[in-house]
1. I need the full set of residues from the stretch 125-174 which are in contact (Cβ under 8 Å) with a residue 12 or more places away in the chain, more than 12 Å from the chain's Cα centre (by Cα), more than 15 Å from residue 291 (Cβ to Cβ) and not in a helix (DSSP H, G or I), in order please.
2. What about residue 190, is it at pLDDT below 95, in the same structural domain as residue 278 (by TED's automatic domain parsing) and surrounded by 21 or more Cβ atoms within 10 Å (Cβ to Cβ)?
3. In the stretch 232-245, is there at least one residue being in the same structural domain as residue 158 (by TED's automatic domain parsing) and part of a strand (DSSP E or B)?
4. The conditions are (1) touching a helix residue (DSSP H, G or I) at 6+ places or on another chain (Cβ under 7 Å); (2) modelled with pLDDT of 95 or more; (3) surrounded by fewer than 22 Cβ atoms within 10 Å (Cβ to Cβ), and residue 166 fails exactly one of them. Which is it?
5. Of everything in the stretch 236-260, what is closer than 18 Å to residue 283 by Cβ and surrounded by fewer than 16 Cβ atoms within 10 Å (Cβ to Cβ)? Give them in sequence order.
6. Could you say which residue among 154, 128 is surrounded by 14 or more Cβ atoms within 10 Å (Cβ to Cβ), under 17 Å from residue 277 (Cβ atoms) and at pLDDT 95 or above?
């Protein structure tokens, strides 16, 4: 017997992977209520828009508000699925998460670290030690291949309140790939991260293309998957082994202004430069913060372009 139209529409969403974690089996009955992570198709919509999108599919919703630790002002849509739906009764869709709270005082500068497939996990762990000691949270743009090999470090990033961005699965040159491979690279990284730590550490969802390379097809894929495209303003080229901690610190501090985005990598000399950089930023009244805290923050005049 065919499903009623609303249930069929929801089944299509589930089959397409838009509702992660909703599949259930008779051998493993779902818990009620069950939190459903944000569908990619709804990611960057306002709660009102998301609610309307679900209603257009014939799904009834009830909107509430719920504060999450570190994510104030989250909006909650409770699904009221029709009979025959594969989504458990009382399921929840959490939307419009605000990201880590904005630090108070001084100007904000976005601190980002790209984590490539071969990034040394021990250096990443020592970076986390330093960030925790200084009370700093940042955005890590993580490759899925690295997350797959180092799940414990990724879990620590999430547990300690860092924001996790998408940096593709393999770190390929995206404009050289067929369109379907571009999409697969973005989804592949997301799938690994969500499986390991859930979706909340990725919210709001941001993406950085490897090498900063993108064309119209890459930008279309980023947008269609619900990501915001983030490049950078300050690049100390810290992946170059000829760079020293002193040259990296000097380069960043000479260019640091409110609202700018700093690009770094998981490198030993970058780790060595961090104490001097963070001390210099404090002297300038600047606070390193994750990308979501800085988006929309007033930017210094003359600041370099970044993808919006």
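1. If the condition is that a residue be in contact (Cβ under 8 Å) with a residue 12 or more places away in the chain, more than 12 Å from the chain's Cα centre (by Cα), more than 15 Å from residue 291 (Cβ to Cβ) and not in a helix (DSSP H, G or I), then 150, 160, 169, 170, 171, 172, 173 are the ones that fit.
2. On the way: at pLDDT below 95: yes; in the same structural domain as residue 278 (by TED's automatic domain parsing): yes; surrounded by 21 or more Cβ atoms within 10 Å (Cβ to Cβ): yes.
When the stated conditions are applied, residue 190 passes them.
3. So in the stretch 232-245, the residues in the same structural domain as residue 158 (by TED's automatic domain parsing) come out as 232-245.
Now drop any that are not part of a strand (DSSP E or B), which leaves 234.
Checked the stretch 232-245: at least one residue is in the same structural domain as residue 158 (by TED's automatic domain parsing) and part of a strand (DSSP E or B).
4. Result: residue 166 passes all but (3).
5. 246, 254
6. Working: 154 fails: under 17 Å from residue 277 (Cβ atoms).
Of the residues listed, the single one that is surrounded by 14 or more Cβ atoms within 10 Å (Cβ to Cβ), under 17 Å from residue 277 (Cβ atoms) and at pLDDT 95 or above is 128.
The values are calculated or read from the model by the stated rules, or taken from the named source; none is laboratory data. Quick caveat: nothing in here was measured; it's all calculated off a predicted structure. Positions of Cβ are backbone-derived with ideal geometry, glycine not excepted, and every protein chain shown enters the neighbour counts.
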